[in-house]
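Each value in this text was obtained by applying a stated rule to the coordinates, not by laboratory testing. This structure is a prediction, so every number in the text was calculated from the model and none was measured. Positions of Cβ are backbone-derived with ideal geometry, glycine not excepted, and every protein chain shown enters the neighbour counts.
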Amino acid sequence: MITFKIFNMKLRQIFIIGLLITGLGACKKQLDIKNPNQPTTDAANSEQGIVSLAQGSIYINGFTQVKYGETGYLAFAATGIHDVMGDIVGGEAANAYLNQIGCPYQVILDDGSVVLNPNSPKEQIELIRNINTNANQGENVLYYEWAFMYNLIASANSILDGAEKVEFTSDADTKKAVLQAWSYWWKGYAYSRIGSIYYAGIINDAPFKTNGKYVTKEQIIAESNANLDKAAGILGSIPSLDAYTTFLGKIIPSFFQVGKGGVPTPDMWKRNINTLKARNILVNKKASELTAAEWGSILSLVNSGITSSDNVFTGRSNANGDFISGTTTISGKTQSTKAGGNTYKLSERWVQEFKTGDKRLANNVALTTTWIGNSDRGNSFNTRYALVNGGNAMSGVVVYANTDPGAYELYIAGTYEENELMKAEAKIYTNDVEGGLALIDAVRKNQGAGLPAVAGTSLTLAQAKEELRRERRVTLAFRGLAFYDARRWGVIDALTDGGGRKNAIVVTNAGVVNTKATIEYKFLDYWDVPDNELAYNPPAEGSADVKNPK
């Protein structure tokens, strides 16, 4: 079951500093909060205070809290909605319409019979228009990602403001640069997510304030890139690398700094930026519509993107659950000893993507007793599979879920695997098929898949694209990227527009396994601006459309 805490929002009201430090390594008294809806950063004028602000305001306000004193729907669970709509996982719970937001319009079974969406309305676009009201408050599924990302932007703005006022004990230029790069990076990340899922958004550079000027999703992505470029520019001229490493190491929680979560060097950080900028291009157009110049831009960015040895931005649980608990992640909410035994249900279509002999399947997925959900809630979420907690102890093979404290590395932004698969896609779509296939092989090897190479096997362009499609879904599962892919590959479109998925495995409500089913999703490509925002911050004159015209 998913639970929510409900509140009304206006951007200047939801930014909260009272929760900045709790559990992340400093003392709440440093910020001396008077009123959570009228916060001040006076106590952050010290060096220790600004470190606390930079750490807590990002990780708490941006990812785990949406109201003072209450836990909201975790940003990573909000990200899970992407994987629900991308058919990596399914959901039966009715909270925030989870069972409906990812329910396809219809499933055509092997015998030609049609199973329509049992919910009403049957098309997702009608559902979104019905539920996107402020009166729905916490039940409005569109609301959460918006709230978290604007919390993140407000937090970053307050850090930028505070960095100008702090009297540092030493290495002032370096420490100020770190705070600025940190702030611009997270603003770039937040705008990337807003522009990649909402039809319009707001650009806001002022702490504790907002505005009613809504701009297009394209302008939001441009703002993401602009902030990422500012961060990269700062990282290119850090005065003292030693002071940089020490200071950034105080901002990133110590229990994050294991595995790939260690302090990134300036060059590593710049490569993280390049990977995110490449994502901004790739996921916001249909693959068939990307121009040669855009593919060239993607390739240029990923060629200078995250490498296999780079540190990236991660999160982890600990015994106290200070940031997340082991069961909070998407995969943590999917793992179970039996099919259908957790909040998310492992999709038959995701399991279908694994090639015969893939060790990742053997290490992570168990075939169990078939789970049949409530037939009045879905038409495709029945499943025979469960995600194994901690894996099956196969050496060198990736593990998708581990709920033990600190065991699971939660990727927040880009990764080596994503970077290489974007590189592979750019190569394949620009006629370097063999180059792209070699990169797919490298990713599989890195994950311990144990599969034979596909490079050098004379695959056609269509076959290479299929290898890429399957590998992105397998490798990048539980990272919130699946919906972006389904959108740009046209899978979410109507069958009459060339969309849908054919030859899909679907388990019927009678437990019959179909292997040649057709699924028509008919999902909205970009969400309308949440009415939770519009009710308190109506569009000013000259604003862009806040509702997707589709």
With everything on Cα atoms, drop me the angle between helix 172-195 and the longest principal axis of the chain, reported from 0 to 90° to the nearest 10. 30
Can I get the semi-axes of the chain's equivalent ellipsoid? Compute them from the C-alpha gyration tensor as square roots of 5 times the eigenvalues, in angstrom, largest first. 36, 27, 23
Where only alpha carbons of the range 451-550 are counted, the Rg and the Dmax (Å): 19.2, 59
Could you tell me how far the Cα centroid of the range 359-438 sits from the Cα centroid of the range 476-510, in Å? 16
Would you work out which of Asn140, Gly326, Trp295 lies farthest towards the positive end of the dipole of the chain? Charges go on Cβ: Lys and Arg +1, Asp and Glu -1. Gly326
In debye, nearest 20, what is the charge dipole magnitude of the range 154-277 about its Cα centre with +1 on Lys and Arg Cβ and -1 on Asp and Glu Cβ, if you could check? 380
Please list, in order along the range 434-445, the HN-Hα scalar couplings obtained from phi with the Karplus expression 6.51 cos²θ - 1.76 cosθ + 1.60 (θ = phi - 60°), rounded to whole Hz, x for Gly and Pro. 5, x, x, 5, 4, 5, 4, 4, 5, 5, 4, 5
Test of understanding: extend the Cα→C-beta vector of Ser170 to 7 Å, then name every residue of the range 210-243 with backbone N under 12 Å from that spot. 242-243
What order do you get for Leu437, Leu160 when you list them from fewest to most C-beta neighbours inside 10 Å? Leu160, Leu437
Vicinal HN-Hα couplings computed from phi for the range 533-544 (Karplus, 6.51 cos²θ - 1.76 cosθ + 1.60; Hz; Gly/Pro x): 7, 5, 4, 10, 9, x, x, 7, 4, x, 5, 6
By how many degrees, between 0 and 90 and to the nearest 10, does the Cα long axis of helix 47-56 differ from the longest principal axis of the chain? 20
How much mean residue ellipticity at 222 nm does the chain get from its helices, if each DSSP H run of length 4 or more adds -39500 (n - 2.57) and you divide by all residues, to the nearest 500 deg cm²/dmol? -11500 deg cm²/dmol
Stretchable slack from Asn130 to Thr246, in nm (0.36 nm times residue separation minus alpha-carbon distance): 36.7 nm
Zone of Asn503's modelled label, taken as backbone nitrogen in the range 510-546 under 20 Å from a point 7 Å along Cα→Cβ: 513-521
Filter the GluC sites (Glu not before Pro) in the range 129-198 to those in DSSP coil with at most 15 other Cβ atoms within 10 Å of their Cβ, and list the result. Glu164, Glu167
Summing +1 per Lys or Arg and -1 per Asp or Glu among the other residues with Cβ less than 11 Å from Lys333's Cβ gives 0
Quick check: pseudo-label points 7 Å beyond the Cα along Cα→Cβ at Lys516 and Gln48, how many nm apart are they? 7.1
Length gained, Glu218-Asn320, 0.36 nm per residue minus C-alpha separation, equals 32.7 nm
Within the chain, percent of DSSP bridges classed antiparallel, to nearest 5: 90
Computed magnitude of the charge dipole of the range 298-360 (debye, nearest 20; Cβ of K, R +1, Cβ of D, E -1): 280
Efficiency by 1/(1 + (r/R0)^6): what FRET value for Asn211 and Ser237, r their Cβ-Cβ distance, R0 = 51 Å, to the nearest 0.05? 0.95
Under a Cβ-only charge scheme (Lys and Arg +1, Asp and Glu -1), can you give me the dipole magnitude of the range 353-511 about the Cα centre, in debye to the nearest 20? 280
Once the Cβ-Cβ distance between Thr370 and Ala94 is put in as r, and R0 is 25 Å, what FRET efficiency do you end up with, to the nearest 0.05? 0.70
Would you mind checking the range 270-285 for residues with the amide N under 20 Å from a putative spin-label position 7 Å along Cα→C-beta of Ala438? none
Relative to the longest principal Cα axis of the chain, at what angle does helix 292-303 sit, 0 to 90 degrees, rounded to 10? 60
